[in-house]
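None of the figures in this text is laboratory data; all of them are computed from the coordinates on show. Small disclaimer: the values here were computed from a predicted structure and weren't measured. We place every Cβ from the backbone using ideal geometry, glycine too, and count neighbours over all the protein chains shown.
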Amino acid sequence: MNIDSQGLVQDPRVRLALSPNIERGPMTQVRGIVVHQTDSPTATSTLNSYRSPGANGAHFLIDRDGTIYQTASILKVTWHVGPLRARCLAEHRCAPTELRALRRFDPKGEHQRERAKAHPDRYPSNQDAIGIEIVGQALPKDVPQEERVYESVTAAQNASLKWLVSGLSLSLGVAMAEVFRHPVVSRKNPTEAETAVWE
């Protein structure tokens, strides 16, 4: 994968749809990749939302037909991860003091403790992770968010995701073990990107 000096992927499979509003400053090192779903019906609706002042967004967007859009430079931070979960808990390696702190449900405190850690003791965060959004909604819309189920990722989306993750991993030196679905690293609907496949 060819990435130019501006942090843009130079490949006919990637269309530029840059949204400067989602870029939050320099990213000095990429340590991971986080895979999301948009909870919007179309790529157009997501791209339009990225144009709003103060918008959050990811570096790439994969449409239902597999079209890949680059929406931010990979040299820039974007806000796509949110509050971090405790990685040590998932990997069964928390210190006793951490376990005691985690007994109480305190997502804000958990995030603050995780942010203070160096990678790989914590999950990749906004500061060091590339975000990839896949178009897909959580349905039905007439039930509470936590009861909704994300649409299945299409075969075309998964093919594009595999190509993109593989290229970014090789180009940026990111281990495949550092590629995560959004709900793994942050408290999100557990069905988000559940059917995404990149290996």
Inset, instruction - Count the net charge of all other residues whose Cβ sits under 11 Å from the Cβ of V77, scoring Lys and Arg as +1 and Asp and Glu as -1. - result: 0
Inset, instruction - Using a 10 angstrom cutoff on alpha carbons, build the Gaussian network for the chain and name the most mobile of T44, T71, T97. - result: T97
Legend entry - Total formal charge among the other residues, if their Cβ is under 11 angstrom from that of A43, Lys/Arg +1 and Asp/Glu -1: -1
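Using Cβ contacts closer than 10 Å as the measure, can you line up M176, M1 from fewest to most?
Neighbour counts put them in this order, fewest first: M176, M1.
So for the chain, averaging the separation of alpha carbon pairs under 8 Å that are six or more residues apart and normalising by length, what relative contact order in percent results?
So the answer I get is 31 percent.
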Inset, instruction - Find the eigenvalues of the gyration tensor of the Cα atoms of segment 82-199, then list the square roots of 5 times those eigenvalues as equivalent ellipsoid semi-axes, largest first, in whole angstrom. - result: 26, 21, 10
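Could you work out the local net charge near T195, counting Lys and Arg as +1, Asp and Glu as -1, over the other residues with Cβ closer than 12 Å to its Cβ? Write down the numbers at each step before the final one.
Numbers: positive: R181; negative: E151, E192, E194.
Result for the neighbourhood of T195: -2.
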Legend entry - Cross-link pairs K117/K141; K117/K162; K76/K117; K76/K188 - those with Cα-Cα distance over 27 Å: K117/K141; K117/K162
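When you count, for each residue, the other Cβ atoms within 10 Å and take the mean per peptide, how do 114-123, 27-36 rank with the highest first?
For the peptides 114-123, 27-36, the packing ranking is 27-36, 114-123.
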Legend entry - Dipole of the chain, positive direction: furthest Cα of L102, L170, P140, with charges on the beta-carbon: L102
Inset, instruction - Sort E151, E199 so the one with the fewest other Cβ atoms within 10 Å of its own Cβ comes first. - result: E199, E151
Legend entry - Among A58, S125, H36 the positive-end extreme of the charge dipole of the chain (Cβ point charges): S125
Legend entry - Relative contact order [Cα under 8 Å, 6+ residues apart], segment 1-108, whole percent: 32 percent
Legend entry - Binned Cα-Cα distances of segment 26-106, short to long, each 5 Å bin given as a whole percent: 3, 11, 19, 18, 12, 13, 11, 8, 5, 0
Inset, instruction - For the chain, evaluate the Debye formula with one uniform point scatterer on each Cα (no solvent term) and list log10 I(q)/I(0) at q = 0.09, 0.11, 0.12, 0.17 Å⁻¹, rounded to two decimals. - result: -0.33, -0.49, -0.58, -1.16
Legend entry - Among N189, N21, N48: highest mean-square fluctuation, GNM of the chain, C-alpha pairs under 10 Å: N48
Inset, instruction - Please get the size of the charge dipole for segment 50-199, origin at its Cα centre, with Cβ charges of +1 on Lys and Arg and -1 on Asp and Glu, quoted in debye to the nearest 20. - result: 580 debye
